[in-house]
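S.K.: I'd like to ask you about the structure that follows.
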Amino acid sequence: WSPDGKYLACTEYRPGQGSASLFLVSVDGSQARQAITSPTGPQTRDFDPRFFPDGRTLTFIRVLTGAASDGLDWTPDGEFIVFSSDRLGERGLWKIPVTGGEPQRLGVGREDAVQPSLSRDGHRLAYTRFAGDTNIWRYELSESASSSRPPKRLIASTAWDAEQQVSADGRKIVFVSKRSGTNEIWTCNLDGSGAMQVTSLNSPAQAGTPRWSPDGREIAFDFEPEGHGDIYVVSAEGGVPRRL
């Protein structure tokens, strides 16, 4: 809605082109539809339009290469934009001056927070926490379809567990888990018992894709403490990872 309640800003998806643009329409239908943006890239999409408090300016999210749109809003004084970003490896809430500058992370909504919305007096903030619980399952192969057993949940917690790999000797599994609050590398026995935390990164940055060394003594994984992925190696028994 525009602040005066006369207009709606909307997103129009263009089938066959993969792009999406913004347009303005009057609520009473008295004016013709007016295009606001014209993205040119085949996968460029404009979402989440939000009017400036005076109704003269619009901010929006331009999505490139099929990424997700996680929402934004203005502060009532019009000086800051509050938005959701995964710039540190997980979705969180940030604010940035309208004039540009370095984003500042908010003290709330630090875990998978999306779609922020500020109250009109600026004293309250609502947002959605997007949380998922992925588990690792095992399916026993059989020569006969009739004798196949249903899949069995092998590694599970109340958080994200994924990206598993079995060691070369078939005795251990390495995987990524967020059960401690941040993405860490873990190992366990082939039957899922004896889970052990290998890394203590304690960082909101992404860490994942663990892979065993051929001798099973070390684990390589990717980690993004500086915003881009680097390859690290850590002992399978735990310790301080080294950047490779």
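The values are calculated or read from the model by the stated rules, or taken from the named source; none is laboratory data. Keep in mind the model is a prediction, meaning the values are calculated, not measured. Note that each Cβ is placed from the backbone with ideal geometry, even for glycine, and that neighbours are counted across all protein chains shown. Note: areas computed on protein heavy atoms with side chains; ligands, DNA, RNA excluded. Shrake-Rupley method; radii C 1.70, N 1.55, O 1.52, S 1.80 Å.
S.K.: Would you please classify the overall shape of the chain from the alpha carbon gyration tensor, given that a ≥ b ≥ c denote the square roots of the eigenvalues, rounded means a/c under 1.5, and beyond that prolate means a/b larger than b/c while oblate covers the rest?
M.R.: Prolate is the answer for the chain, as a/c is 1.5 or above and a/b outweighs b/c.
S.K.: Using r as the Cβ-Cβ distance of Y139 and D4, and R0 as 45 Å, what FRET efficiency do you calculate, to the nearest 0.05?
M.R.: FRET efficiency, Y139 to D4: 0.15.
S.K.: Over the chain, calculate the relative contact order: mean separation of alpha carbon pairs under 8 Å at least 6 apart, over the residue count, as a percent.
M.R.: Over the chain, the number comes to 9 percent.
S.K.: Size of the dipole of the chain about the Cα centre, Lys and Arg at +1 and Asp and Glu at -1 on the beta carbon, nothing else charged, in debye to 20?
M.R.: Charge dipole of the chain: 260 debye, to the nearest 20.
S.K.: Considering only protein heavy atoms, what per residue accessible area in square angstrom results for the chain with a 1.4 angstrom probe?
M.R.: For the chain, the per-residue accessible area is 60 Å².
S.K.: May I pose another question? Sort C10, C188 by heavy-atom solvent-accessible area, probe 1.4 angstrom, most to least.
M.R.: C10, C188
S.K.: Going by the alpha-carbon gyration tensor, a ≥ b ≥ c the square roots of its eigenvalues, is segment 103-223 rounded (a/c under 1.5) or, if a/c is not under 1.5, prolate (a/b greater than b/c) versus oblate?
M.R.: oblate
S.K.: Another question, if that's okay. Run the dipole for segment 121-231 about the Cα centre, Lys and Arg Cβ at +1, Asp and Glu Cβ at -1, nothing else charged, and hand back the magnitude in debye, nearest 20.
M.R.: Result for segment 121-231 is approximately 460 debye, rounded to the nearest 20.
S.K.: Sticking with this one: Does segment 121-166 classify as rounded, prolate or oblate by the C-alpha gyration tensor (a ≥ b ≥ c root eigenvalues; a/c under 1.5 gives rounded; else a/b over b/c gives prolate, otherwise oblate)?
M.R.: Because a/c hits 1.5 or more and a/b exceeds b/c, segment 121-166 counts as prolate.
S.K.: Still on this structure: Running a GNM on the chain with Cα contacts under 10 Å, which residue among S203, S85, S142 ends up with the highest mean-square fluctuation?
M.R.: Largest GNM mean-square fluctuation: S142.
S.K.: What percent do you get for the relative contact order of segment 10-69 when only Cα pairs under 8 Å and 6+ apart count?
M.R.: 27 percent
S.K.: GNM on the chain, C-alpha springs below 10 Å: top fluctuator among G216, G55, G101?
M.R.: G101
S.K.: Moving on to the next point. What is the spin-label model distance, in nm, from A131 to R87 if the labels are put 7 Å beyond Cα along the C-beta direction?
M.R.: 2.6 nm
S.K.: Calculate, in nm to one decimal, what N189 and S119 gain on full extension: separation in residues at 0.36 nm each, minus their alpha carbon distance.
M.R.: So the extension gain works out to 20.2 nm.
S.K.: Taking the chain as a Gaussian network, Cα atoms linked when under 10 Å apart, which of Q206, Q43, Q31 shows the biggest mean-square fluctuation?
M.R.: Sorting by GNM fluctuation, first place goes to Q31.
S.K.: Relative contact order of segment 37-157: what whole-number percent is it, with Cα pairs under 8 angstrom and at least 6 residues apart?
M.R.: The value is 14 percent.
S.K.: Same structure, new question: Run the simple label-point estimate for T99 and Y13 please: 7 Å along Cα→C-beta, distance reported in nm.
M.R.: 3.9 nm
S.K.: Ratio of alpha-carbon Rg to the 2.2 N^0.38 Å globular estimate for segment 22-117, to two decimals, please.
M.R.: Relative to the 2.2 N^0.38 Å estimate, segment 22-117 comes out at 1.19.
S.K.: Additional query: Tally up the carbon and sulfur contribution to the accessible surface of the chain as a whole percent, 1.4 Å probe, everything protein left in place.
M.R.: On the chain, the fraction of accessible area on carbon and sulfur atoms equals 49 percent.
S.K.: Moving on to the next point. For the pair S148 and R179, what calculated FRET efficiency results from E = 1/(1 + (r/R0)^6), where r is the Cβ-Cβ distance and R0 = 41 Å, to the nearest 0.05?
M.R.: 0.85
S.K.: Which is the longest stretch in the chain that no exposed loop site breaks, taking sites as chymotrypsin sites (Phe, Trp or Tyr not before Pro) with a DSSP loop state and at most 13 other Cβ atoms within 10 Å?
M.R.: 2-138
S.K.: When only the heavy atoms of the protein chains count and the probe is 1.4 Å, how do R120, R153 rank by accessible area, highest first?
M.R.: The residues order as R120, R153, largest area first.
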